[in-house]
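Visitor: This is the structure, below, for whatever I ask next.
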Amino acid sequence: MILSDTRILEEMEKGTIKIEPYQRECLGSNSYDVHLGKWLATYKEHILDAKKHNQIDYFEIPEDGFVLYPHIFYLGVTAEYTETHAHVPFLEGKSSTGRLGIDIHATAGKGDVGFCGNWTLEISVKQPVKVYKGMPIGQLIYFPVDGETEVKYNQKKNAKYSGQPDKPIESMMWKNKF
């Protein structure tokens with residue numbers, strides 16, 4: 001079951017869903033449109049190592065936009081800061097984004113109950129496409145949780161992505177023991 005627009009508004013009133021900045025015109029019948037933040041990043045090295053802290057270079061999207069190219073993996077960020085304390089948030093691309101050949105996540109489209117922060121986007125494109133800060137990039141949908149949550153994500157000691165800032169965050173796989 002997905003929350004409707006009225007249920008999202010009710011949950012925002014209760015404080016279990018927070019979206020900043022919030023714009024009423026971005027609320028769809030069962031989703032909320034999020035926008036591309038001003039920062040993008042790429043990894044410094046061509047070959048990434050899952051056991052290593054792979055560093056990234058940040059750059060700001062200019063006012064006149066930035067062209068994304070295939071075969072380059074970009075990290076982006078949502079302009080919106082969100083908190084979700086009683087639901088499972090999913091971030092999906094918008095159809096208009098997809099029709100430009102833009103994928104906004106490789107695998108990490110689901111958040112956890114207790115996620116608080118800006119969403120890091122895992123961006124790849126099918127052909128060169130110019131993007132702009134503030135453009136609609138995706139939509140959040142919310143699913144209710146069946147049962148009590150024992151430990152919310154923002155309360156976990158090993159939560160690697162809690163409190164994400166308004167800049168993309170690189171993979172923290174290197175913090176895992178394997």
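The values are calculated or read from the model by the stated rules, or taken from the named source; none is laboratory data. Since we're looking at a predicted model, the values are computed, not measured. Neighbour counts are summed over all protein chains in view; Cβ atoms, including those assigned to glycine, are modelled from backbone coordinates with ideal geometry.
Visitor: Being free of Cβ contacts under 8 Å to residues at least 24 places away in the same chain and under 14 Å from Leu140 (Cα atoms) is the filter here; which residues of the stretch 86-104 pass it? So that I can check it myself, show each step before the final result.
Guide: Of the residues in the stretch 86-104, the ones free of Cβ contacts under 8 Å to residues at least 24 places away in the same chain are 95, 98-99, 103.
If the condition is that a residue be free of Cβ contacts under 8 Å to residues at least 24 places away in the same chain and under 14 Å from Leu140 (Cα atoms), then Ser95 is the only one that fits.
Visitor: Going residue by residue through the stretch 104-112, is there one that turns out to be part of a strand (DSSP E or B), under 25 Å from Ser4 (Cα atoms) and modelled with pLDDT under 95? Even if it seems obvious, please write down each step before you answer.
Guide: Going residue by residue through the stretch 104-112, those that are part of a strand (DSSP E or B) are 110.
Among the residues that remain, those that are also under 25 Å from Ser4 (Cα atoms) are: 110.
Pick out the ones that are also modelled with pLDDT under 95 and you get 110.
Checked the stretch 104-112: at least one residue is part of a strand (DSSP E or B), under 25 Å from Ser4 (Cα atoms) and modelled with pLDDT under 95.
Visitor: Taking into account only those residues within the stretch 145-159 that are in a loop (DSSP other than H, G, I, E, B) and at pLDDT below 85, which is surrounded by the fewest Cβ atoms within 10 Å (Cβ to Cβ)?
Guide: Lys157
Visitor: So, one more: Please go through the stretch 165-177 and give me each residue that is surrounded by fewer than 17 Cβ atoms within 10 Å (Cβ to Cβ) and basic (Lys, Arg), ordered by number.
Guide: Matches in the stretch 165-177: Lys175, Lys177.
Visitor: Could you give me the residue pairs with C-beta distances under 8 Å whose first residue belongs to the stretch 1-15 and is farther than 10 Å from Tyr142 by Cβ, whose second residue is among the basic types (Lys, Arg) and outside any loop (DSSP other than H, G, I, E, B) wherever it lies, and which are 6+ apart or on separate chains?
Guide: Qualifying pairs under 8 Å: Met12/Lys18.
Each row is one residue, and each column tells you yes or no for (1) among the polar types (S, T, N, Q); (2) in contact with a helix residue (DSSP H, G or I) (Cβ under 8 Å, 6 or more places away or on another chain).
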residue	(1), (2)
Leu3	no, yes
Leu9	no, no
Lys14	no, no
Lys18	no, yes
Arg24	no, no
Ser29	yes, yes
Tyr32	no, yes
Gly37	no, no
Leu40	no, no
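Visitor: Out of Ser162, Ser124, I need the residue that is part of a loop (DSSP other than H, G, I, E, B), buried (at least 16 other Cβ atoms within 10 Å of the Cβ) and without any contact (Cβ under 8 Å) to a residue 60 or more places away in the chain. Which one? Even if it seems obvious, please write down each step before you answer.
Guide: On the way: Ser124 fails: part of a loop (DSSP other than H, G, I, E, B).
After ruling out the rest, the residue left standing is Ser162.
Visitor: Shifting gears a bit: Does Val77 meet the test of being of a type outside the set (D, E, K, R) and outside any loop (DSSP other than H, G, I, E, B)? So that I can check it myself, show each step before the final result.
Guide: Details: of a type outside the set (D, E, K, R): yes; outside any loop (DSSP other than H, G, I, E, B): yes.
For Val77, the condition - of a type outside the set (D, E, K, R) and outside any loop (DSSP other than H, G, I, E, B) - is met.
Visitor: Considering only residues that are more than 26 Å from Arg7 (Cα to Cα) and in contact with a Lys or Arg (Cβ under 8 Å, 6 or more places away or on another chain), which ones fall in the stretch 78-101?
Guide: Answer for the stretch 78-101, where residues must be more than 26 Å from Arg7 (Cα to Cα) and in contact with a Lys or Arg (Cβ under 8 Å, 6 or more places away or on another chain): just Gly101.
Visitor: In the stretch 50-74, what residues are part of a loop (DSSP other than H, G, I, E, B) and surrounded by 11 or more Cβ atoms within 10 Å (Cβ to Cβ)?
Guide: Within the stretch 50-74, the subset part of a loop (DSSP other than H, G, I, E, B) is 50-55, 61-65, 69-73.
Result: Lys52, His53, Asn54, Ile61, Gly65, Tyr69, Pro70, Ile72, Phe73.
Visitor: Would the stretch 34-56 turn up any residue that is under 21 Å from Asp5 (Cβ atoms) and touching a strand residue (DSSP E or B) at 6+ places or on another chain (Cβ under 8 Å)? Lay out the reasoning, then the answer.
Guide: Quick first cut of the stretch 34-56, residues under 21 Å from Asp5 (Cβ atoms) only: 34-35.
Still in the running and touching a strand residue (DSSP E or B) at 6+ places or on another chain (Cβ under 8 Å): 34-35.
Yes: the stretch 34-56 contains one or more residues that are under 21 Å from Asp5 (Cβ atoms) and touching a strand residue (DSSP E or B) at 6+ places or on another chain (Cβ under 8 Å).
Visitor: Turning to a different aspect of this structure: Which one is farthest from the chain's Cα centre (by Cα), of the residues in the stretch 38-49 that are more than 19 Å from Ala79 (Cα to Cα) and surrounded by 12 or more Cβ atoms within 10 Å (Cβ to Cβ)?
Guide: Applying the first criterion (more than 19 Å from Ala79 (Cα to Cα)) to the stretch 38-49 yields 43-49.
Subset that is surrounded by 12 or more Cβ atoms within 10 Å (Cβ to Cβ): 43, 48.
Numbers: Tyr43: 18, Leu48: 21 Å.
Residue satisfying both the conditions and the ranking: Leu48.
Visitor: Answer yes or no as to whether Val131 is surrounded by 15 or more Cβ atoms within 10 Å (Cβ to Cβ), of a type in the set (Val, Ile, Thr) and in contact (Cβ under 8 Å) with a residue 60 or more places away in the chain.
Guide: Numbers: surrounded by 15 or more Cβ atoms within 10 Å (Cβ to Cβ): yes; of a type in the set (Val, Ile, Thr): yes; in contact (Cβ under 8 Å) with a residue 60 or more places away in the chain: yes.
Against the criterion (surrounded by 15 or more Cβ atoms within 10 Å (Cβ to Cβ), of a type in the set (Val, Ile, Thr) and in contact (Cβ under 8 Å) with a residue 60 or more places away in the chain), Val131 qualifies.
Visitor: Moving to a separate point now. Residue check: is Ile102 within 16 Å of the chain's Cα centre (by Cα), within 21 Å of Tyr32 (Cβ to Cβ), surrounded by 17 or more Cβ atoms within 10 Å (Cβ to Cβ) and not polar (S, T, N, Q)?
Guide: Numbers: within 16 Å of the chain's Cα centre (by Cα): yes; within 21 Å of Tyr32 (Cβ to Cβ): yes; surrounded by 17 or more Cβ atoms within 10 Å (Cβ to Cβ): yes; not polar (S, T, N, Q): yes.
Here the answer is yes, as Ile102 does meet what is asked.
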